[in-house]
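As C-alpha cells, the structure follows; a few thoughts come after it.
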Amino acid sequence: MRLPWELLVLQSFMLCLADDYTLHGPVFVQEPSHIMFPLDSEEKKVKLSCEVKGNPKPHIRWKLNGTDVDIGMDFRYSVVEGSLLINNPNKTQDAGTYQCIATNSFGTIVSREAKLQFAYLENFKTRTRSTVSVRRGQGMVLLCGPPPHSGELSYAWIFNEYPSYQDNRRFVSQETGNLYIAKVEKSDVGNYTCVVTNTVTNHKVLGPPTPLILRNDGVMGEYEPKIEVQFPETVPAEKGTTVKLECFALGNPVPTILWRRADGKPIARKARRHKSDGILEIPNFQQEDAGSYECVAENSRGKNIAKGQLIFYAQPNWVQKINDIHVAMEESVFWECKANGRPKPTYRWLKNGDPLLTRDRIQIEQGTLNITIVNLSDAGMYQCVAENKHGVIFSSAELSVIAESPDFSRTLLKRVTLVKVGGEVIIECKPKASPRPVYTWRKGREILRENERITISEDGNLRIINVTKSDAGSYTCIATNHFGTASSTGNVIVKDPTKVMVPPSSMDVTVGESIVLPCQVTHDHSLDIVFTWSFNGHLIDFDKDGDHFERVGGQDSAGDLMIRNIQLKHAGKYVCMVQTSVDKLTAAADLIVRGPPGPPEAVTIDEITDTTAQLSWRPGPDNHSPITMYVIQARTPFSVGWQAVSTVPELVDGKTFTATVVGLNPWVEYEFRTVAANVIGIGEPSRPSEKRRTEEALPEVTPANVSGGGGSKSELVITWETVPEELQNGRGFGYVVAFRPHGKMIWMLTVLASADASRYVFRNESVRPFSPFEVKVGVFNNKGEGPFSPTTLVYSAEEEPTKPPASIFARSLSATDIEVFWASPIGKNRGRIQGYEVKYWRHDDKEENARKIRTVGNQTSTKITNLKGSALYHLAVKAYNSAGTGPSSATVNVTTRKPPPSQPPGNIIWNSSDSKIILNWDQVKALDNESEVKGYKVLYRWNRQSSTSVIETNKTSVELSLPFDEDYIIEIKPFSDGGDGSSSEQIRIPKISNSYARGSGASTSNACTLSAISTIMISLTARSSL
C-alpha cells in the first residue's frame, strides 16, 4: 500500500497525463466461467479465462478454494495474459472454486467465482443380476443403479439386444435410470440391460443384464394405480431454464396420466408433454409458472395423485451498478448498487479485494456505501457484491481522491464585467483546488471588506449591489489551501442605466385597423441595444407573422411595433423588452380589439310543434362591442344550406336569448343555429342545435300538373307531380284519385297509399275511346285527408286507326331525295288520325331495319332526303294516333336518280369591261353512272354579306352587271336530274378601278373597280351551246 504523500504525487502525475494517456485501476474485460472438464479428454489442458485492462498494467494472480495458486511450486500451472492454464489436470488436486485477482497501483479487484469440475463415468462393478419373476398383469420396476460418475447422465434400456421403446406401458426415468412397466405382458419376457451415457463426455457404459420371467402361479388381477415415479415435494427452478417433471404409475388396466395445476389455473400453453404424458416439460420458466402441480394417474379401478411445488428462483442480476468517482478531499462519496434475484440478494462490499466494514467515516447499509470527509487513504478499488444461495455477482468502481493546490489556468476571472449604475454584479471565482480553498478579494491593492453592499460567498464569488461609479476598477480573487495559493484578476466597468422614455400605452381598437405601439428609450450609446416584443408571453416572429407585425422606428433608441389589419386574435398583452449587455427592462401595454360577436352557445330546442319551435341560447363573447341583434337560421335535409327563418319577435335584440321560430313545415327534421351581430358586423354562427322533427299535421299541398291521356284501349290514364316529402306533413302519406265522365255527377274514387305514386290507370270495358273525364287528385296522411287539386279534363285512351291510307304514290326528285303522296283512308275510320308514319327501306336492306318519319295533322305528302343515288326504295304509309299505328298501305317502289356530276367546272376566266364582268368556264362532262348536265348555277354575293344570289344558265359563260364599289365572291357548279354537282373553288373579284381587268379562278390578286352603277344588270349571253 502506498503512503498518502506518494498517492498525492501519483494523483498530480495523473492529472498531467490525463489528456494523453489515462491512468486507471483494473477493469475486468472477461471473467472466468464454470467448466466441466471431461476426464478422458485428449486435450489434457484446462484454461480458466481472465482478461483485465488497466494503466499501469495490472498484475494477475489466482486463488483456488480461497488459497493463492503458487505457479512457481507446480509446473502444471501457468498464467498467460491473465488466464490460468492447467496442464494434465487432476480431479483430486484441481477440482474446486477459482477466482482471478487483478492489482495495479490504484488497487485490487476480484473476479466472480468459477467452479472447475471433472466429468467421468466408471464401469458397473457387478457383472450379473438376479432373475426377476413377476405375474402377468403385475407392475414391475427394474433398477439401473448407475456406477460412480460426475456430470449429467442420460438413461436407456436394451431389451433382448434391441432398444426398449417407451409407451404408456413402459417408462425410463431420467432421474433414477430405472425402467418401469405398468402392466407386464407375456411379450415382456427377456433380458433387460441399462445403458448409461455421460452427456458431457459422451462415454457410454452398459450394466449387467437382468432376466425377466413370468411366474406360473396365476395372473395378477386388476388394481388401482400406484405412482412409482413422482417429482419431489419442492422443485427449485431457475428463471429461463427448462423444467421437466416425471410421473409414472403401475396398475391394471394401464393407467392414464393427467397433469394439472392445483390452483385451478391452466398450465401454460408453452408446456409440452412427452413419453405418453409421463413427462411435463416447461421451457423458459418464469415467475408465473411457479406453483403447485399435480399428476393424476387413473384407470377403471381408481386413481392416485402426486403433488409437488415448483419454486421459482433467480440468480442475482444487476439493476444498478456502481461507477468510478473522482472526488476532492474532504468531500463525501455515496455509492448505491441494486440487484434483482429470488430469493432477494444480500450485499457486501470489498475494498482492494478485502471485506469493507462499517467504521468511523464509513457507513454500509445493504447496497449503499457512504464515506464522509474523504482523504487520500480512501482511494482504491471498490466492489459491491450481491449474492443469494444461487449465485454471486460483482460490480467494480474506482475511487480517485483529488488533492491539488488552487489553479486558475482554466477558470480565469472574467476579463471585463459590465454593470449599470444601481445594478448588481457577481464576479465568479472558481479555481480548481482540493480541498476547497479559503477566498479573499482585493480591489486594486486594497483588501475588500464585506459590508451591506459587498459580500463574498462560501464558494468564493464576489457580489456587489447598488453599484455606483466608484465601484469601477480591477478586482483580484486570492485562493489558498494547505497545498498553495493562486490568484486571478478582472475588471469592472460601470455604465449608465437604460430608461424607457416613451412606453407603449394600452389601446382600444376595431378589427381591421392598424396601430403603432411606441417603445423609445435613453441608454449608454457605447452599448449595443436590442429590442424584442412578446405577445401574450410568446416572442413575436416577425418573419413568420410579417403580415401583421412590423418593427418601425429607424433609430437605435426606438423599437416601435406596428400592427396592421388587426384581428380579434391580436387582443392581449404586448411587452417591449429592451436589453443591453448591462441591463434588461420591459414595458407592457394591453390591446383591446373590438369586432363582430363570437358564436352564441348552447342553442337548444325547448319546445316544438307542427309549425313552430321555441329556441333558447347563451350569448357568446361580444368582443368588446355590445350585441345588437340575433338572427335565427334553420337547415333541413331538403334545404340548400342554412336559411333565415321568421321568428316571434320578428327582430330579436341583443338582450333576448329566446325566440319562437314560425312558419315551419310539419313532420320535417330541423336543426337551428344563431348568428349574433353588433355595430361592427355579423359574427360567426353558433354550433347547430340537436335535430328535431316537427309534429304531424293534415296535408295542405295538392299535387301539381294533374293531367293524363293515352294508354291502351278501355283505359283512362291519370298523371300528376308528386308532393315533395317536406310538404307531406306526416307519415302515411298517399293520394286519393277522383274521376267521373264529363257531365256526370258521381265521382269514382281510388286510394293510393304511396307517397311516390304519380300515375293511376283505370281499366274498364265501358270506357269509350277518347272520352272526356273530369279528374282531380287529393292527398292524405295519418292525420287525415287534405284538399283536392283543381278539376281538369282528361281523355281516355284512343283506338288505333282502322283503315290504311289510300292512293300511295312516290317520285324521285334527285339522287338523294324522293317525294311521297297519299290520300286519307277510304270509308269510316274508328280511331282519330293525328298524323301519318312513312316507312322506307332500300331494296338491299331488310324491312325490319327500315327508317321511319312522321307527319303531323292532315299533311298527305312528305319529302325523304339523304338517300343513295341509283337505288331502289320501298315505301309504305300508316295512320297513327296516341293509341298506336293503324294498318299499313300497299308498298310502292321508287328508284332515285343517278348522282350529279362529280367534276366541278374548270378553267374559269373572268373579264371586266365597262362595269360588266364576263365569266367563262369549261364544259363539265358527266360520267356513265352520273346524271347528264342540264345547266350551271352561278352563285355570287358581296364579300361582306352572307346571303347568296343564284343565276342558272345552260351555257358555259355568263355576263354580270355589278356595282363598282364592292368585292364579290363567286362559285359555279353544274346541275342535273340527280341534283347539284360539285362546286368550283370560290373566286374573289375585287373592286373594279379601271375600265378593263381580267383574271382567272386560280388568281385573285388583280384589283379592279367597276365604275359607278347603282343597279345590277344581269345579261346572259351564250358563247357556246351545251
- Which pairs, out of LYS239/LYS389; LYS44/LYS244; LYS204/LYS275; LYS275/LYS344; LYS239/LYS270, put more than 25 Å between their alpha-carbon atoms? LYS44/LYS244; LYS275/LYS344
- Task: Please work out the Cα center distance from segment 322-352 to segment 596-668, rounded to the nearest Å.
- Result: 74
- Query: Under a plain spin-label model, where a point goes 7 Å from the Cα along Cα-to-Cβ, how far apart in nm are LYS204 and GLU848?
  - Reply: 9.1
- Quick one: length gained pulling ILE592 to SER949 fully straight, 0.36 nm per residue minus the C-alpha distance? 120.4 nm
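Charges at C-beta only: +1 for Lys and Arg, -1 for Asp and Glu. How large is the resulting dipole of the chain about its Cα centre, in Debye rounded to 20?
Values: 114 positive and 115 negative charges, 566 e Å.
Rounded to the nearest 20 debye, it is 2720 debye.
Mean 1/r over all different Cα pairs, inverted: what Kirkwood radius does segment 749-873 give, in Å?
On the way: mean 1/r = 0.0522 Å⁻¹.
Taking every pair of different Cα atoms in segment 749-873, averaging 1/r and inverting gives 19.2 Å.
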- Could you tell me which label, among (1) 104.5; (2) 90.4; (3) 41.6, carries the value of mean projected area of the Cα convex hull in nm² calculated for this structure? (1)
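Quick check for segment 746-890: number of Lys pairs with alpha-carbon distance under 15 Å, counting only pairs 8 or more apart or on different chains? Intermediate values should be presented prior to the final figure.
Numbers: LYS803/LYS828; LYS803/LYS878; LYS839/LYS852; LYS839/LYS863; LYS839/LYS878; LYS852/LYS863; LYS852/LYS878.
Total qualifying Lys-Lys pairs in segment 746-890 comes to 7.
Can you give the calculated 222 nm mean residue ellipticity of the chain, where each DSSP H run of n ≥ 4 adds -39,500 (n - 2.57) and the sum is split over every residue, rounded to the nearest 500 deg cm²/dmol? Spell out each step's value before the answer.
Working: 2 runs with 18 residues, N = 1026.
The per-residue figure over the chain is -500 deg cm²/dmol.
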- Note on the structure: Dividing the mean separation of Cα pairs under 8 Å (6+ apart) by the residue count of the chain yields a relative contact order in percent of 4
- Message: I'd like the distance between the alpha-carbon centres of segment 747-812 and segment 32-78, rounded to an integer number of Å.
- Response: 118
- Might you report the magnitude of the Cβ-based charge dipole of segment 604-750 about its Cα centre, with Lys and Arg at +1 and Asp and Glu at -1, to the nearest 20 debye? 340
- Query: Which residues make up the longest stretch of the chain that has no chymotrypsin sites (Phe, Trp or Tyr not before Pro) in a DSSP loop with at most 12 other Cβ atoms within 10 Å?
  - Reply: 166-637
- Using Cα atoms only, what is the angle between the long axis of helix 4-17 and the major principal axis of the chain, expressed in degrees (0 to 90) to the nearest 10? 30
- Note on the structure: Amide H contacts under 5 Å for SER581, restricted to residues at least 5 apart in sequence or on another chain and with H modeled in the peptide plane, are ASP528
- Item | With all protein chains modelled, accessible area of LYS239 [1.4 Å, Å²] | 110
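Rounded to the nearest 20 Debye, what is the dipole magnitude of segment 590-635 about its Cα centre when Lys and Arg each give +1 and Asp and Glu each give -1 at the C-beta? Mind showing how you got there, number by number?
Working: 3 positive and 6 negative charges, 37 e Å.
The dipole of segment 590-635 has a size of about 180 debye.
Regarding segment 239-313, what whole-number volume in Å³ per residue does the convex hull of its Cα atoms give?
On the way: hull volume 6.3 nm³, N = 75.
Output value, Cα hull per residue: 84 Å³.
Give, in nm to one decimal, the length gained when the segment between ARG449 and ILE267 is fully stretched (0.36 nm per residue of separation minus the Cα-Cα distance).
Details: separation 182, 0.36 × 182 = 65.52 nm, distance 8.10 nm.
Contour length minus Cα-Cα distance gives 57.4 nm.
To the nearest 0.05, what FRET efficiency results for GLU725 and SER616 with a Förster distance of 30 Å applied to their C-beta separation? Intermediate values should be presented prior to the final figure.
On the way: r = 29 Å, r/R0 = 0.96.
Efficiency at R0 = 30 Å is approximately 0.55.
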- Qualifying aspartates and glutamates (Cα of each under 12 Å from Cα of LYS973; at least 8 residues distant if same chain): ASP922, GLU952, GLU985
- Message: Placing one identical point scatterer on every Cα of segment 529-616 and ignoring solvent, what is log10 I(q)/I(0) from the Debye formula at q = 0.22, 0.26 Å⁻¹?
- Response: -1.13, -1.37
- Running Debye on segment 18-124 with equal point scatterers at the Cα sites and no solvent, what base-10 log of I(q)/I(0) appears at q = 0.10, 0.11, 0.15 Å⁻¹? -0.32, -0.38, -0.64
- Working out 0.36 nm times the residue gap between ASP360 and ALA328, then minus their Cα-Cα distance, what length gain in nm do you get to one decimal? 9.6 nm
- Item | Normalised alpha carbon radius of gyration of segment 625-749 [divisor 2.2 N^0.38 Å] | 1.62
- Note on the structure: In whole angstrom, the spacing between the Cα centers of segment 415-435 and segment 494-553 equals 32
- Message: Need the list of lysines near LYS469 for cross-linking: C-alpha distance under 17 angstrom, and skip anything on the same chain fewer than eight residues off.
- Response: LYS420, LYS443, LYS495
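Normalising by the residue count of segment 647-753, find the relative contact order in percent from Cα pairs under 8 Å and 6+ residues apart. Each step should come with its number before you reach the end.
Details: 148 pairs, mean separation 22.0, N = 107.
Answer for segment 647-753 is 21 percent.
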- Taking the dipole about the Cα centre of segment 204-257, with the C-beta of Lys and Arg at +1 and of Asp and Glu at -1, give me whichever of ILE227, ASN252, THR242 is farthest to the positive side. THR242
- Item | Rounded accessible area per residue of the chain, 1.4 Å, Å² | 53
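Note down the relative contact order for segment 282-355 as a percent, whole number, built from C-alpha pairs under 8 angstrom at least six residues apart. Display every interim value, and only then the final one.
Details: 75 pairs, mean separation 17.8, N = 74.
For segment 282-355, the relative contact order is 24 percent.
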- Item | Dipole of the chain, positive direction: furthest Cα of LEU585, GLY353, ILE426, with charges on the beta-carbon | GLY353
- Item | Cα-based equivalent ellipsoid of segment 339-421: semi-axis lengths in Å, sorted from largest, via gyration tensor | 42, 17, 12
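The values are calculated or read from the model by the stated rules, or taken from the named source; none is laboratory data. In this text, all values refer to a predicted model and were calculated from it rather than measured experimentally. We place every Cβ from the backbone using ideal geometry, glycine too, and count neighbours over all the protein chains shown. SASA here: full protein model, heavy atoms, side chains in, ligands and nucleic acids out. Shrake-Rupley method; radii C 1.70, N 1.55, O 1.52, S 1.80 Å.
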